[in-house]
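The values are calculated or read from the model by the stated rules, or taken from the named source; none is laboratory data. Computed from a predicted structure; not experimentally measured. All Cβ positions, even for glycine, are placed from backbone atoms using ideal geometry, and neighbour counts span all protein chains on display. Ligands, DNA and RNA are stripped out before the accessible areas are found, and what is left, the full protein with its side chains, is counted by its heavy atoms. Shrake-Rupley method; radii C 1.70, N 1.55, O 1.52, S 1.80 Å.
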Amino acid sequence: MESKEKRRKEGLLEKASVLLDLPGDTVAGLPCLELIGDRELRMENYRGILSCSKEEIHVDGGKWVLRIQGQDLEIRAMRERELLITGWLDRIELM
Amino acid sequence: MKWLILFLRGTVTVVVTGADLERFINSCAKANLLFWAVDWREPFTVALTVTRRGVQTVRQIGTRCQCTVVEEKRNGLPFFLTRFRKRYALLVGVGLFILSLCVFSRFVFVIDVEGNERVSSAEILSQLRQYGVKPGVYGPSIDRRELANQMLLGMRELSFFSLNLHGTRAEVIVRERAPKPELVDESKPTNVVSTATGIITNLEVRKGDPLVKKGDTVMEGEILISGLIDIQEAAYSNADLGTSLVHAQGRVDARTWRTLKAKIPLLAQVKQPTGEEESRWAVNLLGNRVKFYRNGGISFSKYDKITTTKTWVLSDGSILPISLEKETFRQYELLDEELEVEAAEVMLREALLNNLRAYIGEEGEILRTDFVSRQVDGFLEVTLLAECSEQIGQMVLLEASPQPERLESGTVNTQ
């Protein structure tokens, strides 16, 4: 019961993408993460950077926040919808 | 490849200081600005790299987000070239260089000749020069079809001529005409006469009346095979059928004895350099000689002229149309010096053998040689006595050669 309360509310498009088995990032504009080893993280459909340091980066993913922890973290490239973070990645957490 | 593109476009590292740097970075991303290498140096300072054209946008975003934007480092070709913006002489020089490159690339500097074997390249180049094609000529002005016609008419040895322009290099491709075989006019009556005195060892008559046989001794100029044939009458006939003139042909081999002499003075004048010399310099540019000296005589009465030409060759083997010429005039005196007899004798012997080989031809064979040398009146005289085997028959037109005695008498009888 408690876990249901904690679960965030899904949007209409998000539900539709689940029901129709369609890719959520394309239909509902959900963030898409691609992790290459522990050195490179690509992210699409993000909203913005909330905070940034060499040890921790917070990225706004819309309904949740992505917390990336590691060492020598660097925003290697950043476009309106794409983000590339490099460094030694230790932990990725949805908040 | 990426670094090359960035180098060509130019990049700027900017340091941004402000309270809301996250907003600044998000704004940059929203503005679709290309930036990378975000380095969070301090809590309120971040460095990032943008393209040269993106600096203005970064400044605008910085102003909007209440951040200070400072350019830290500039990299790339545009910034390198900007340094020379005020150096007008350099810009003029670069402009002239590009202009000269465009202009001079239209001229022919090098002419390469290919495909010639018997006709020398110098002959072809000389003929081309007569038609105005030489290093320095304006390439597009050459009428290649007309030139090919003129060259084929001017040089009968050529059967094909083509000129191709490759930038400043003119490539001349030629094909030579096959040589005409030597035709023997068999309509003219000839005798075969002896070119040397000797004993006949072999006689092959293809046409004509042989006047000698194997083992005969013949003198130089003697008729060996006659072109005047006495037509044989039938045994029962009294009529005289007369004579017939033919083109006598045949091969006559003989053993010959030749005596050749050569002499050389034992006291020869040799050049002794005095150590005095003068040098003159000149530059040969596109066939035009530019002298770096006045037209004056050489003060030496006796001198050797030594010309040294320095040319420059490109990596592909073609020679640049510029050369440096040095003429050195080296004074000498003539001194009388005695020759070394042994060395002189060896030299004369070699010369005599060469002469003998020229006499007997390629087919001839030297069977035996004897050399006799002696010193007479300050000269070293070497005599070569040689026994050879050679072909001595030579065709001579009948009018020019002496008439054989036997046939002459026969002719008298018929009259």
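What's the carbon and sulfur percent of chain B's accessible surface, probe 1.4 angstrom, rounded to a whole number?
Carbon and sulfur together cover 52 percent of it.
Per-residue ellipticity at 222 nm from helix content only, as computed over chain A with -39500 (n - 2.57) for each DSSP H run of at least four residues, stands at -4000 deg cm²/dmol. Of the GluC sites (Glu not before Pro) found in the range B:117-180, those in coil by DSSP whose Cβ has at most 12 other Cβ atoms within 10 Å are B:117. In chain B, taking the dipole from charged Cβ atoms about the Cα centre, the farthest positive-side position among B:360, B:14, B:76 is held by B:14.
In terms of its alpha-carbon gyration tensor, the range B:267-338 comes out oblate; a/c meets the 1.5 threshold, while b/c is at least as large as a/b.
Take every residue in peptide B:35-44, count the Cβ atoms of other chains within 10 Å of its Cβ, and give the average of those counts. Can you show the working numbers first?
On the way: counts 4, 6, 5, 10, 3, 9, 1, 1, 2, 0.
Mean partner shielding for this stretch: 4.
Under the criterion of Cα pairs below 8 Å and six or more residues apart, the relative contact order for the range B:267-338 equals 50 percent. With respect to chain B, whose longest principal axis is taken over its alpha-carbon atoms, helix B:55-64 is tilted by about 10°. Separation of the alpha carbons by more than 22 angstrom is noted, of B:271/B:291; B:188/B:213; B:271/B:305, for B:271/B:291; B:188/B:213.
Accessible area buried by the pairing of A and B, both sides summed with a 1.4 Å probe, works out to roughly 1300 Å². In this simple spin-label approximation, residue B:157 and residue B:279 carry label points 7 Å from Cα along the Cα→Cβ vector, and these lie 3.8 nm apart. Taking only the Cα atoms of the protein assembly as shown, the radius of gyration and Dmax are 50.0, 157 Å. Neighbours of residue B:49, meaning other residues whose beta-carbon lies under 14 angstrom from its beta-carbon, give a summed charge of +4 when Lys and Arg score +1 and Asp and Glu score -1.
Based on Cβ point charges of +1 for Lys and Arg and -1 for Asp and Glu, what charge dipole magnitude is obtained for chain B about its Cα centre, in debye rounded to the nearest 20? Spell out each step's value before the answer.
Working: 51 positive and 53 negative charges, 1012 e Å.
It comes to approximately 4860 debye.
Rounded to the nearest 10 degrees, what's the angle between the helix B:121-130 long axis and the longest principal axis of chain B, both from Cα atoms, 0 to 90? Tilt of helix B:121-130: around 70 degrees. Using Cβ point charges alone (K and R +1, D and E -1), the dipole size of the range B:125-276 about the Cα centre works out to roughly 940 debye. Is the range B:23-73 best put as rounded, prolate or oblate by its Cα gyration tensor, with a ≥ b ≥ c the root eigenvalues, rounded for a/c under 1.5, and otherwise prolate when a/b is larger than b/c, oblate when not? Rounded shape, in that the Cα axes give a/c under 1.5.
With respect to chain B, whose longest principal axis is taken over its alpha-carbon atoms, helix B:144-154 is tilted by about 20°. For the range B:328-406, the gyration tensor built on C-alpha atoms gives a prolate shape. Its axis ratio a/c (a ≥ b ≥ c) is at least 1.5, and a/b is the larger of a/b and b/c. Model label sites at residue B:80 and residue B:4, defined 7 Å from Cα along the beta-carbon direction, differ in position by 1.4 nm.
Across the range B:110-176, the convex hull enclosing all Cα atoms gives 71 Å³ per residue.
For chain B, adding -39500 (n - 2.57) for each run of n ≥ 4 DSSP H residues and dividing by the number of residues yields -7500 deg cm²/dmol at 222 nm. Going through the cross-link list B:214/B:263; B:263/B:310; B:263/B:326; A:15/B:30, which pairs have a Cα-Cα distance over 32 Å in this structure? Where the Cα-Cα span goes over 32 Å, the pairs concerned are B:214/B:263; B:263/B:310; B:263/B:326.
For the protein assembly as shown, give the magnitude of the charge dipole about the Cα centre (Cβ charges: +1 Lys/Arg, -1 Asp/Glu; no others), in debye to the nearest 20.
Values: 67 positive and 72 negative charges, 938 e Å.
Rounded to the nearest 20 debye, it is 4500 debye.
For chain B, the relative contact order is 13 percent, taking Cα pairs closer than 8 Å that sit 6 or more residues apart in sequence and dividing their mean separation by the residue count.
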